[in-house]
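To keep things clear, I will list the structure first and then write my remarks on it.
Derivation of every value follows stated rules applied to the coordinates shown; laboratory data play no part. Predicted, not measured: the structure shown is a model, and the values here were computed from it. Virtual Cβ from ideal backbone geometry, glycine too; neighbours counted across all protein chains shown.
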Amino acid sequence: MSIEKVGVVGCGLMGSGIAQVCAMAGFPTRVREVAQPLIDKGLAGIEKSLGKFVEKGTLSAEQKAAAISRLQPTLRLEDLADCDLVIEAIIENLDRKRQLFAELDKVAKPGALLASNTSSLGITELMAATRRGPQFLGLHFFNPVPLMQLVEVVRTLVTEPPAVDAALQFARKLGKTPILTADRAGFIVNRLLVPYLLDAIRALEEGVGTIEDIDRGMKLGCNYPMGPFTLLDLVGIDTTYYIAEILYTEFRERRFAPPPLMKRMVLAGWFGRKMGMGFYDYSDPKLPQVNRKLEA
């Protein structure tokens, strides 16, 4: 299997990042969105991101222009018909993704690989909406895609070895480091990361330490780049809650169960950085302060 042309469905935070790294690696990349304003916003984000690479001297102005020239925006799913690989990066909703893959199955050329960037949903459940199980897999990129080196390649019980090999080679051509995992909820990274984050919230609930001290403890004691609460705010408390629910549904183990405090924060709309309030208060984004309301 040779991947020469790539399609990306979705030009939001993850989709635009995936499209960017594909174009930077030399792949003609067709990006599909459902509305022109979404395309415009995604492409503007890509241009801004590429500009930062130019400022840092890791990319030349000519390379930036070449990458942008490889991006082909479209509002039509049919325009992905000649792609060798189509990566889905839309909203994390099972029904929406299954509907999309059922449509892609009819549009994509025979032999084309279909992949989902989902961080939590079952690849097999998505695959079942198509008739090309042997050519279906997961390609889980991490945010921000242009900077994060890891890609989880997720195989199902029926994914053929040539498809897996092609996906691994593709990730390497992007300059990423792929790891291979089976289709179980959370894959490798979230299966290990989410219980750690949930335990940090439980430690706070139980009075083991403050937000500041728990974050400092993991940074200075384990040499992590950031503490669990800073990371939760960055990833999104709502996103982590959603992933935890999926993990708990599959494994029915307490370590995957979202703590009560987390549920209350999600209901209150305290999702973290993107909403300006989480475990930290981002009223001044340059100088976040501990959310003292959690200590009341």
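Tabulated values for the structure
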quantity	calculated
DSSP loop GluC sites (Glu not before Pro) with at most 12 other Cβ within 10 Å excluded, longest remaining stretch of the chain	5-205
Reachable aspartates and glutamates, given that their alpha-carbon falls under 20 Å from the alpha-carbon of K109 and they are not under 8 places away in the same chain	E4, E33, E78, D79, D82, D84, E88, E160, D165
Label zone at E212, where the point sits 7 Å out along the Cα-to-Cβ direction: the range 258-294 residues whose backbone N lies under 12 Å	289-292
Percentage of interatomic Cα-Cα distances in the range 6-182 larger than 19 Å	53
Pairwise label distance in nanometres, V107 with L147, each label 7 Å out on the Cα-Cβ vector	3.2
Rough spin-label spacing in nm, given labels placed 7 Å along Cα→Cβ, for K56 and E160	3.9
Aspartates and glutamates whose Cα lies under 18 Å from that of K52, excluding same-chain neighbours fewer than 8 positions away	E62
The range 1-72 versus the range 178-243: alpha-carbon centroid distance in Å	30
Calculated over the range 122-269: convex hull of Cα atoms, volume per residue (Å³)	128
Residues of type aspartates and glutamates that K48 reaches as a straight line, Cα spacing below 14 Å, ignoring anything fewer than 8 places off in the same chain	D40
The chain: proportion of alpha-carbon pairs further apart than 31 angstrom, %	33
Simple label model, 7 Å out from Cα along Cβ direction - E4 to L267, nm	5.7
Zero-based 10 Å bins, Cα pair distances in the range 193-289, whole percents	17, 50, 30, 3
Modelled FRET efficiency - R0 25 Å, R255 with Q99, Cβ distances, 0.05 increments	0.15
More than 11 Å apart - percent of Cα-Cα pairs taken over the range 1-47	62
Phi-based couplings in Hz for the range 179-193 (Karplus 6.51, -1.76, 1.60; Gly and Pro marked x)	10, 9, 9, 8, 7, 10, 3, x, 6, 8, 5, 5, 5, 8, 6
Order of I179, I87 under a 10 Å beta carbon neighbour criterion, fewest first	I179, I87
Percent of C-alpha pairs per 5 Å bin, the range 235-287, short to long	5, 22, 26, 19, 13, 9, 4, 2
